[in-house]
Amino acid sequence: MSRFESCIDDGVTWCLLYTKHRAEAWVGANLRKQEFACLLPWTPTRTGLAPLFPRYVFAGHRPGQRAEPLSSTYGVQYVVHFAEVIEQIRARMDARGIVRLDLVPEVDPMFARRSRERVYALTRLAAAGFRVRMA
């Protein structure tokens, strides 16, 4: 299994692990070695891929599987709390575990200046007693 894949099964109890700095992939590999389910979504960056949640990994244990080893897994600093957002994250992941975030369009500085000038002109006209209507 590659580091991009998540071993996700239904019927697991999920918790959130806080990892050491830049140890998310290492923790994911250690969880898979111990046969825990894991969720480590990635997102594209300018330099490659990065974890969607730096220093956090979702881990799951199946019914009858002891959860105590999660806190002593190599790379894990501590267990944060039980997570309820797994389905929302899984819905945004592709088959390789990559989550694409909605990009916010950059504001065109020329358009922003024109908008400010237009609002300034309209407020001056309104202050002078002209009737102003915006479409």
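The values are calculated or read from the model by the stated rules, or taken from the named source; none is laboratory data. Small disclaimer: the values here were computed from a predicted structure and weren't measured. Quick reminder, even Gly has a Cβ in these numbers, built from the backbone with ideal geometry, and neighbours come from all protein chains shown. Calculation scope for accessible area: heavy atoms of the full protein, side chains included, ligands and nucleic acids excluded. Shrake-Rupley method; radii C 1.70, N 1.55, O 1.52, S 1.80 Å.
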Segment 61-78 scanned against label point 7 Å out from T13 along Cα→C-beta; backbone N under 11 Å for 61-68
In nanometres, the difference between 0.36 nm per residue of separation and the alpha-carbon distance of Q65 and A50 is 2.4 nm
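Where does the charge balance sit around G75 when Lys and Arg score +1, Asp and Glu -1, over other residues with C-beta under 11 Å from its C-beta?
Numbers: positive: K20, R22, R55; negative: E24.
Surrounding charge for G75 is +2.
Which of the peptides 59-67, 31-39, 45-53 is most tightly packed, and how do the rest follow, going by the mean number of other Cβ atoms within 10 Å of each residue?
Values: 59-67: 14.9, 31-39: 19.2, 45-53: 12.4.
The peptides rank, most packed first, as 31-39, 59-67, 45-53.
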Accessible-area order for R90, R96, largest to smallest, probe 1.4 angstrom, reads R96, R90
